[in-house]
Amino acid sequence: MTRSSSRRAILAGACAACAATLAGCARYGTSNGLAGAPAGAPAYGGAPASGGTGSAGTGSAGAGAANVLASTSQVPVGGGTILTAQRIVITQPQAGTYHAFTAICTHQGCIVNSVSGGTINCPCHGSKYSIVNGSVVNGPAPLPLAAVSIKVEGTSIVKA
């Protein structure tokens, strides 16, 4: 009976190791990153894209200071600005057209850290997303970045 008990112990140990490995490989992003990074996921702060400050702008008086994310002057044409604290990236693919997305990579929950060459870039595994619509340009990210509703009020970009 010792022999079958040890086989069971080995099999149980192998199953536990396999389950732990698969859990580590589980992809992040079933909610497109809106639920926040999983516990223990790296939280890369990253620097804002060139031309941006990475913090909320002062905005116009009519915009409601609590909703102001940035000033239009903080988001370069053809690029974007990462608001690390809010976990939002705002892009301006062409003059006067602004888009916002979650800044949480859909691969493993890292925070994107740059916007350049028409893409929003994740430092962890090289995922790149379109500044136009948040779609995956280069994996391993399995899903696009989720859109965040914004509107422009004067020179302020605010949550819609």
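Just so it is clear, none of the values below were taken in a lab; they were calculated from the coordinates. For clarity, every value in this text was computed on a predicted model and none was experimentally measured. Cβ coordinates were reconstructed from backbone atoms using ideal geometry, including for glycine residues, and neighbour counts include every protein chain displayed.
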Would you please state which residues of segment 93-123 a label at Ser149 would reach in this model, taking the label point 7 Å out along Cα→Cβ and a backbone N cut-off of under 19 Å? 98-103
Sorted by chain and number, the residues with a modelled amide H under 5 Å from that of Ala70, at a separation of 5 or more or across chains, are Gly57, Ile157
Amide H partners (placed H, <5 Å) of Ile120, local residues excluded: Tyr129, Ser130, Ile131
With 10 angstrom as the radius, rank Lys159, Lys128 by how many other C-beta atoms surround their C-beta, starting from the fewest. Lys159, Lys128
Order of Val89, Val158 from fewest to most other C-beta atoms within 10 Å? Val158, Val89
What spacing in nm lies between the two simple spin-label points modelled at Ala160 and Asn138, each 7 Å away from Cα in the Cβ direction? 3.0
Which value in nm describes the separation of the simple spin-label points at Ala95 and Ser73, placed 7 Å from the Cα toward the beta carbon? 1.7
